[in-house]
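Novice: To start, I am sharing the structure in question, which I have written as structure tokens.
The values are calculated or read from the model by the stated rules, or taken from the named source; none is laboratory data. None of these values were measured; they are calculated from a predicted model. Quick reminder, even Gly has a Cβ in these numbers, built from the backbone with ideal geometry, and neighbours come from all protein chains shown.
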Amino acid sequence: MTDAIPIEPANLSDAPFIADVYAHYVENGTATFETEPPGAQEMADRMRDVLECGYPWLVARDDDGSVMGFAYASRFHPRAGYRFSCETTIYVRTGSRRKGVGTALIEALVKECEERGIRQAFAVIAGTEPSSVVLHARAGYRPCGTLESVGRKHGKWIDVFFMQRKLGEGADTPPPIEP
């Protein structure tokens, strides 16, 4: 089914639709520890930051062109030594879940990251999101750590799981360009 889901680079005009998808998770769930949903302008600013740093931001579109979900990679940590690693993020519109959208997004995102020379991808997943753990495991991510009770939202403490996936050659070879 994932072959039928169009995945393409996001553009800044998608920001209001991406903000809408994300707002549901901010307001109703614990997949993100953000408590106030960002508006379209804030989301556009975040997108611009990611894209200007050379990372991919993708959207999945429905037959009518609406955004069913989005995925992006961002720098894992600001220090230079981490430049070949990224954090991946995926959100799927509520009515589009369990239809292969997340799988299509994560597969496309991994491919984009590999093409950009990124060697390791990390997912930071709230312990309240077992379906996200399964999605990432199916995409080749493996568990690599748990932070216990690190987040608090909706009156409860939440663990965070770290998952990691080798991209391309991973650490088997040095990167093509070293400064």
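Novice: Which residue pairs have Cβ atoms under 7 Å apart, sit 6 or more places apart or on different chains, and have a first residue in region 117-137 that is more than 28 Å from Gly81 (Cβ to Cβ) and a second that is not in a strand (DSSP E or B)?
Specialist: Note: pairs meeting the criteria are Thr128/Thr30; Glu129/Ala31; Leu135/Gly102; Leu135/Thr103; Leu135/Ile106.
Novice: I would also like to ask the following. In contact with a helix residue (DSSP H, G or I) (Cβ under 7 Å, 6 or more places away or on another chain) and closer than 16 Å to Arg165 by Cα: which single residue out of Glu34, Glu115, Glu107 fits that description?
Specialist: Glu107 is the lone residue from the list that is in contact with a helix residue (DSSP H, G or I) (Cβ under 7 Å, 6 or more places away or on another chain) and closer than 16 Å to Arg165 by Cα.
Novice: Right, next: Show the residue pairs that are 6+ apart or on different chains and have beta-carbon atoms under 6 Å apart, the first residue being within region 1-26 and on the phi > 0 side of the Ramachandran plot, the second being modelled with pLDDT of 95 or more and surrounded by 16 or more Cβ atoms within 10 Å (Cβ to Cβ).
Specialist: none
Novice: Quick check on my filter: what residues within region 77-112 are out of contact with any Gly (no Cβ under 9 Å at 6 or more places or on another chain) and modelled with pLDDT under 95?
Specialist: His77, Pro78, Arg79, Ala80, Gly81, Tyr82, Arg83, Thr94, Gly95, Arg98, Lys99, Gly100
Novice: Moving on. Considering only strands (runs of 3 or more DSSP E) fully contained in region 115-179, which possess at least 2 residues that are exposed (fewer than 12 other Cβ atoms within 10 Å of the Cβ)?
Specialist: 142-153, 156-166
Novice: Continuing with this model, one more query. Out of all the residues in region 3-18, which are more than 14 Å from the chain's Cα centre (by Cα), in a helix (DSSP H, G or I) and modelled with pLDDT of 95 or more?
Specialist: Those that are more than 14 Å from the chain's Cα centre (by Cα), in a helix (DSSP H, G or I) and modelled with pLDDT of 95 or more: Leu12, Ser13, Asp14, Ala15, Pro16, Phe17.
Novice: Tell me which strands (runs of 3 or more DSSP E) are completely within region 43-114 and hold 2 or more residues being touching a Ser or Thr at 6+ places or on another chain (Cβ under 6 Å) and in contact (Cβ under 8 Å) with a residue 40 or more places away in the chain, or say none if there are none.
Specialist: 67-75
Novice: Another question, if that's okay. From the list Ile125, Ile118, which residue is hydrophobic (A, V, I, L, M, F, W, C) and farther than 20 Å from Glu169 by Cβ?
Specialist: Ile125
Novice: To continue, here is another question. So which of Ala104, Ala71, Ala44, Ala60 is farther than 23 Å from Val134 by Cα and of a type in the set (Gly, Ala, Ser)?
Specialist: Working: Ala104 fails: farther than 23 Å from Val134 by Cα; Ala71 fails: farther than 23 Å from Val134 by Cα; Ala60 fails: farther than 23 Å from Val134 by Cα.
The conditions single out Ala44.
Novice: Another one. If the requirement is being assigned to a loop (DSSP other than H, G, I, E, B) and surrounded by fewer than 18 Cβ atoms within 10 Å (Cβ to Cβ), which of these qualifies: Glu27, Glu34?
Specialist: On the way: Glu27 fails: assigned to a loop (DSSP other than H, G, I, E, B).
After ruling out the rest, the residue left standing is Glu34.
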